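The values are calculated or read from the model by the stated rules, or taken from the named source; none is laboratory data. It should be emphasised that the depicted structure is a prediction, and the values quoted were computed from it without experimental measurement. Heads up, the Cβs are rebuilt from the backbone with ideal geometry, glycines too, and the neighbour counts pull from every protein chain shown. The protein model used for the area step is the full one, side chains on, heavy atoms only, and it has no ligands, DNA or RNA in it. Shrake-Rupley method; radii C 1.70, N 1.55, O 1.52, S 1.80 Å.
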Amino acid sequence: MPIPPARLLKYFLASLAVSIAAEPDIAQAQAPDSVISQPGTAPAATFRTDRLGDKDVKPSDGVGVFDRMGAKLPDLPPEKDYKGPIDEAYGAYQRGYYLSAMDKALPRAQLGDPAAQTLIGEILSQGLGVKKDVKNAAFWYGKAAEGGDAAAMFKYALMLMEGEGVPRDKAKADDYMHKAAEAGNSSAEFNWAQILVADNPGEKGLKLALPFYEKSAEQGVADSQYAVAQIYASLKDLPEEKKQLAREWMVRAARAGFDTAQLDLGIWLVNGVGGPKDYVKGFEWLKLAANGGNVVAQNKLAHLYINAIGTPPNPVEAAKWYVLSRRAGLADPSLEDFYLGIEDNQQKAAIDAANKFRRR
């Protein structure tokens, strides 16, 4: 049977927790002089199921020297004229002419072209211009996977894992996920790393998974960038130059919009994990995550407003963020005591502000 995402996430977090507890530098987040604590859980993503052509998925550009200096990036060099063969089927697909894409791809697919087979699998799996047909999509993904297409191997592995259109088969799913990862598919690299962590709890799994997380992170997958940051910060026996890059990778994941990375980066900056303390930037990252709806960040932000860390004190704002996090089910006795101790008009103002809150 495939590994349920929740179970896989539990293994991943447990492995990180073991490593973090054994690492003195990271354990400082629990020390008495820490300003705020690390969250009790770090909801890293489990399996990526990106669709080919998903316009909402944008990889991180990372953090370059020009970004850090605040300088304008130089113009890109002119693109060279493309003189290779034109794939008319994919061209039609990209323009939204899905029936034309199907017509052009089908003869090639029947002759064993893996790229055309993958395209048909994608059109059928999403029901683009045709009736959604998961079973036939799995057939064409399977054929393309047999032909060595990395994207098809990734998609087919997910279908085998979930029993979607084909019988569940963990061994076969793992085999294709591994092959897709070795072929350089960034989402497969992340997923294969997750499988390695799940199947090998503790430091062993993290060490086996790290090369795949690193390759995926280099390709801009924010989930992998976050994992690399956490592993660099927690694993023993890593080269010092990698440990020094932990915060850099966390920044990349945060800039890509991964709210858990924004949360952890804010905590790291406030507590001085992986580099010097910076209360103002820590506050800014936590506020960004809180505005995005991250409940733990909302809780931490309340503490910063109360203690004037990185921001002037503001009891109404502190109470607002506490109310929002409490409504989401995150209890905090110390914030409850604070809330009950402020004036009635401040409580009312905080509730009004919480009622008007909209994720940004």
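Here are the numbers for the structure shown:
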| item | result |
| --- | --- |
| R0 of 22 Å, Cβ-Cβ distance ASP103-ASN136: FRET efficiency to nearest 0.05 | 0.90 |
| Computed FRET value (nearest 0.05) for GLN94 with ARG168, which takes r as the C-beta separation and R₀ as 45 Å | 0.85 |
| Ranked packing of 285-296, 338-349, most packed first, by mean Cβ within 10 Å | 285-296, 338-349 |
| Inter-label distance, nm, simple model (7 Å from Cα along the C-beta direction), ASN314/GLU218 | 4.3 |
| Surface accessible to a 1.4 Å probe, per residue, for the residues of segment 132-273, Å² | 35 |
| Whole-percent carbon and sulfur share, accessible surface of segment 99-174, 1.4 Å | 54 |
